[in-house]
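Take a look at the structure set out below.
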Amino acid sequence: LDSLSSDEREENFPQEIAARHADRLNYRYPGVGGESYQDLIARCNELVCHLEQTKGDAIVIADRSVFRAIGGYFMGRSMEE
């Protein structure tokens, strides 16, 4: 699903799109390696701990979903946000 445009996903996989919209936090993409935001948050835990212990500035280069998870944590957002 990752390589498809939004229109292609909606046209070819309407059930997956509906399931993701119903529960974005827990929806797990199908196939090998598919993960939910919950999975991603758990995977980023070690990085967050490392960043919290870092003194001074840090640069994190990440894709959008990792940025959302890490940024949400540091901005004090709830899991549902």
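The values are calculated or read from the model by the stated rules, or taken from the named source; none is laboratory data. Note that the structure is predicted; figures quoted are calculated from it, not measured. Neighbour counts run over all protein chains shown; Cβ positions are idealised from the backbone, glycine included. The protein model used for the area step is the full one, side chains on, heavy atoms only, and it has no ligands, DNA or RNA in it. Shrake-Rupley method; radii C 1.70, N 1.55, O 1.52, S 1.80 Å.
Put simply, the amide H of S36, placed in the peptide plane, has neighbours under 5 Å in Y29, leaving out anything fewer than 5 places away on its chain.
Let me check against my output: what whole-number percent is the relative contact order of the chain, with C-alpha pairs under 8 Å and at least 6 apart? Contact order relative to length: 20 percent.
For the stretch 1-56, carbon and sulfur atoms together expose 48% of the accessible surface, with a 1.4 angstrom probe and every protein chain in place.
In this structure the chain gives 81 Å² per residue of accessible area when probed at 1.4 Å with all protein chains present.
Centroid-to-centroid, using Cα positions, the stretch 55-81 and the stretch 1-16 are 26 Å apart.
Each residue of the stretch 23-37 was assigned a 3J(HN,Hα) from its phi angle through the Karplus expression (A = 6.51, B = -1.76, C = 1.60, θ = phi - 60°), giving 8, 5, 5, 9, 5, 10, 4, x, x, 5, x, x, 9, 8, 4 Hz with x at Gly and Pro. In loop segments of the stretch 17-74 as defined by DSSP, the trypsin sites (Lys or Arg not before Pro) with at most 11 further C-beta atoms inside 10 Å of their C-beta are R24, K55.
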